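Contents: one structure, followed by commentary.
The values are calculated or read from the model by the stated rules, or taken from the named source; none is laboratory data. Remember, it's a predicted structure, so these values are computed and weren't measured experimentally. Counting neighbours? That spans all protein chains shown, and the Cβs are built from the backbone with ideal geometry, glycine included.
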Amino acid sequence: MLNYKHLQYFLTVAKTGAINRAADKLHLTPQTLSGQIRVFEERLGVELFQRSGRKLELTNAGKLALSYADEIFQIGTELEEALSATPGTRMTPFRVGISDAVPKSIAHQLLMPALGLAEPVKLICKEDRLERLVAELAIHRLDMVLADKPMPSNIEVKGFSHPLGECGVAFFACKRLAKRMRLGFPGNLDGLPFLIPGEDSALRAPLLRWLEKKGINPLIAGEFDDSALMKSFGQAGAGVFPAAAVMAEDITRRFGVELLGQTSEIRERYFAITVERHVRHPAVLAVSEAAHTALFKRKPTKAKP
């Protein structure tokens, strides 16, 4: 059985980086604290710290232990908050991993319905690469992962990909760049500077194939893992950028750019990945229902002639 007092001692030493400072915080003598850390290491069968000059540094095992310790005490704090809250004010944590290839505007639209449940939830979002998020989902650190593609088949994790919806792709540019265009869509894209998603995005490969198929030779001016950053560069006139067609009205309004045209030949797809084959989590159900009945049912926005 894990000794949580030892875990607290370990966490304090790891955060301060020195026995003396940690001992002051814990109101212990340095000798007592050092002895308790040695007992904890013997219990686990690994060394958690290594000395570097006057400081203590975490070993690889110590770094792993620290990640778990942080989560354990965070969950403990949430438990206290949940039990001390009066009935009707308790909030259930809803932990969501968002693949860094998913546009933040799409993630926002997908997750907002979870905040409108009769039993309130506390939304906790973590953004990272899909593979790392799925690994955290597998050990129940997350309730759901939002992704622009199904769970990769090469990951040995039990999980299920639930389609949320799909849409075409639209193309945008700042007004100054849009004024240079004389041809109709998609010919108006030829030869223009282009901003494209990074290699982790499911959109990148089909987008490049579509451009080649249409005989469009864009000048690739930038590649971005962060779609919001790509839009900001597009707003500043760095190039044409693609985005989910269902967000066209929102993008033109927020970034002050022009819609050049859109195609249904390229599809953006979004998934909720969970450990459940049949979704039962109320917040995940709310996300799925809203995606199917609202977000991906929007009528396409027309480009200005």
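For the stretch 151-186, name all the residues that are aliphatic (A, V, I, L, M) and either exposed (fewer than 13 other Cβ atoms within 10 Å of the Cβ) or out of contact with any strand residue (DSSP E or B) (no Cβ under 9 Å at 6 or more places or on another chain) (or both). It would help to see each step written out before you state the result.
Step one: of the stretch 151-186, the residues aliphatic (A, V, I, L, M) are 151, 155, 157, 164, 169-170, 173, 177-178, 181, 183.
Correct list: 155, 157, 183.
Being more than 23 Å from residue 232 (Cα to Cα), crowded, with 19+ Cβ neighbours inside 10 Å and at pLDDT 90 or above narrows it down to one of 96, 102, so name that one.
Numbers: 102 fails: more than 23 Å from residue 232 (Cα to Cα).
Going through 96, 102 in turn, the sole match is 96.
Looking only at the stretch 224-251, how many residues end up being aromatic (Phe, Trp, Tyr) and either modelled with pLDDT under 95 or farther than 11 Å from residue 172 by Cβ (or both)?
The initial filter retains those residues of the stretch 224-251 that are aromatic (Phe, Trp, Tyr), namely 224, 233, 241.
With either modelled with pLDDT under 95 or farther than 11 Å from residue 172 by Cβ (or both) added as a condition, the list becomes 224, 233.
Residues that pass the stated criteria total 2.
To keep it simple, each residue is scored yes or no on (1) in a loop (DSSP other than H, G, I, E, B); (2) over 19 Å from residue 258 (Cα atoms); (3) free of Cβ contacts under 8 Å to residues at least 24 places away in the same chain; (4) in the same structural domain as residue 251 (by TED's automatic domain parsing).
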{"site": "180", "(1), (2), (3), (4)": "yes, no, yes, yes"}
{"site": "183", "(1), (2), (3), (4)": "yes, no, yes, yes"}
{"site": "188", "(1), (2), (3), (4)": "no, no, no, yes"}
{"site": "191", "(1), (2), (3), (4)": "yes, no, no, yes"}
{"site": "196", "(1), (2), (3), (4)": "no, no, no, yes"}
{"site": "202", "(1), (2), (3), (4)": "yes, yes, no, yes"}
{"site": "211", "(1), (2), (3), (4)": "no, yes, yes, yes"}
{"site": "215", "(1), (2), (3), (4)": "yes, yes, no, yes"}
{"site": "221", "(1), (2), (3), (4)": "no, no, no, yes"}
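Considering only the stretch 111-145, how many residues are aliphatic (A, V, I, L, M), part of a helix (DSSP H, G or I) and either under 15 Å from residue 101 (Cβ atoms) or not assigned by TED's automatic domain parsing to the domain that holds residue 94 (or both)?
Applying the first criterion (aliphatic (A, V, I, L, M)) to the stretch 111-145 yields 111-112, 114-115, 117-118, 121, 123-124, 130, 133-135, 137-139, 142, 144-145.
Pick out the ones that are also part of a helix (DSSP H, G or I) and you get 111-112, 114-115, 130, 133-135, 137-138.
Restricting the remaining residues to those that are either under 15 Å from residue 101 (Cβ atoms) or not assigned by TED's automatic domain parsing to the domain that holds residue 94 (or both) gives 130, 133-134.
So the answer is 3.
In this structure, does residue 168 turn out to be part of a loop (DSSP other than H, G, I, E, B) and either over 21 Å from the mean Cα position of the chain (by Cα) or among the hydroxyl-bearing types (Ser, Thr, Tyr) (or both)? Write out each step before concluding.
On the way: part of a loop (DSSP other than H, G, I, E, B): no; either over 21 Å from the mean Cα position of the chain (by Cα) or among the hydroxyl-bearing types (Ser, Thr, Tyr) (or both): yes.
Against the criterion (part of a loop (DSSP other than H, G, I, E, B) and either over 21 Å from the mean Cα position of the chain (by Cα) or among the hydroxyl-bearing types (Ser, Thr, Tyr) (or both)), residue 168 does not qualify.
Need the failing condition index for residue 229 against (1) closer than 15 Å to residue 164 by Cα; (2) under 20 Å from the mean Cα position of the chain (by Cα); (3) surrounded by fewer than 22 Cβ atoms within 10 Å (Cβ to Cβ), just the number.
Here residue 229 meets the rest and fails (1).
Can residue 280 be described as without any contact (Cβ under 8 Å) to a residue 24 or more places away in the chain and in a loop (DSSP other than H, G, I, E, B)?
On the way: without any contact (Cβ under 8 Å) to a residue 24 or more places away in the chain: yes; in a loop (DSSP other than H, G, I, E, B): yes.
So residue 280 fits the description; yes.
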